Amino acid sequence: MKNIRQSNINIHKDAWVEINLDSLAQNITEIKKFIPDDKKFMAIVKADAYGHGACMLAKTMLASGVDAFGVSSVDEGLDLRNAKIKAPILVVGAIPLWAIESATQNNIAFSIFNDEHIEACKQVYERTGIRPKVHIKIDTGMNRIGVRSENAVEFIQKVQALSKYLDLRGIFTHLASAEEETETQKQIERWNNVILNIDTKGLLLHIQNTAATFAYDIKSNMVRVGISLYGLYPDLPASAEKRPELKQIMGLKGRITNIHEVKIGEGVSYCHKFIAQRPTKVATIPIGYADGVSRGLSNKIYGYLNNKKIKQVGNITMDQMMFDITDIDANVGDVITLLDNKDLPLDFWAKILNTINYELTCRLKVRLPRIYIR
């Protein structure tokens, strides 16, 4: 029998995302096989845990062996703190100067990489008497944020000399193309050129994202794992000999709200992209592109109803989509499954849309309630 918890949002809807916490715990166990015992494990839970619900997953993650959390904004860190999560939290992206004080007062570490950040931290210390916890972000090739690697040693030493005002906890960088070995090796070399020329005692050093955790041995003492926590794989380099056995933890389900008889030659939904070639029984469920299911998936995806595979038909609309259930005995209220960890993987949708699985999990958080099961 399933144990079920619901997130504290609107649940007056016959459609929902289902999150399996047991599969989450199993995924972490599998991932930890790739992490040396002397390295810490940061779980990346930005974008509300890639649409899965960070606050609801955090305790399961901690119980399964995660040491810290990575978020994308101070607000995401505050959400975790408000959920009574006491583990270390790092904002891995840039934060506005005016948010430094809030982060500091709530024991949330954040990234710094320029002199303005240093000055703002000093001012916060002078106002509050609390040293902001910081990690220095180095740009080794992403060209997004961070102090350039050729300037990083000088910047790190400057921050270390200001320990009265700042609590330097770590140094990190981000790999741009972990699936491409040549470019990754260039970034690793730049990383090593910095790390080998500074005093790293007591610092967390982290460069490995999910793919790099499975594929490279790099000088560091913490890894940052994101998408694979949720049972999905990043692109991996050809040299990666093994990968963990993961289970997609997200499912998507909706109850039939109407069953309609369609005659031969009649169309279904906007623009009639589906025309019935036989007397067709069409079931409607209340899930559409406003819920995060792209209109580009129309007439290309499948579901399961009463253990039988069914085809989605007609254009997916803002709030609804239809399935051909002609050959199935079904009733209003029966559940159609659109995603699961067996026969209906999210990666199938990503391939159709020529995108990545990360994007699709984030879309599904828009307005669907999330149900948590064990």
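The values are calculated or read from the model by the stated rules, or taken from the named source; none is laboratory data. In this text, all values refer to a predicted model and were calculated from it rather than measured experimentally. Cβ coordinates were reconstructed from backbone atoms using ideal geometry, including for glycine residues, and neighbour counts include every protein chain displayed. Ligands, DNA and RNA are stripped out before the accessible areas are found, and what is left, the full protein with its side chains, is counted by its heavy atoms. Shrake-Rupley method; radii C 1.70, N 1.55, O 1.52, S 1.80 Å.
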Looking at the calculated P(r) for segment 310-365, what percent of the C-alpha pair distances fall above 13 Å?
71
Evaluated over segment 107-266, the Cα radius of gyration and Dmax, each in Å
22.0, 79
Accessible area per residue of the chain at 1.4 Å probe, in Å²?
47
Residues with beta-carbon under 14 Å from that of Asp14, excluding Asp14: net charge, scoring Lys, Arg +1 and Asp, Glu -1?
0
Segment 245-374, accessible surface, carbon-and-sulfur percent (1.4 angstrom probe)
48
Between segment 105-140 and segment 298-374, the alpha-carbon center distance in angstrom
44
From the P(r) of segment 271-337, could you give the percentage of C-alpha pairs in the tail past 14 Å?
55
Starting from segment 37-91, pick out the chymotrypsin sites (Phe, Trp or Tyr not before Pro) whose DSSP state is loop and whose Cβ has at most 16 other Cβ atoms within 10 Å.
none
P(r) of the chain in 10 Å steps, Cα pairs, percent per bin?
5, 22, 27, 21, 14, 7, 3, 0
Cα extents of segment 12-125 along the principal axes, largest first, in whole Å, come to 46, 45, 21
With equal scatterers on the alpha carbons only and no solvent term, can you work out the Debye log10 of I(q)/I(0) for segment 238-312 at 0.21 1/Å?
-1.12
At q = 0.15, 0.21, 0.23, 0.26 Å⁻¹, what is the log10 ratio I(q)/I(0) for segment 31-70, with the Debye formula run over Cα points and no solvent?
-0.35, -0.64, -0.74, -0.88
Just Ala215, Ala94, Ala276 to compare: in a GNM of the chain, with alpha carbon springs under 10 Å, which one fluctuates most?
Ala276
Estimated translational D of segment 137-188 in µm²/s (Stokes, Kirkwood radius over Cα pairs; 10 °C; 1.306 mPa s):
132
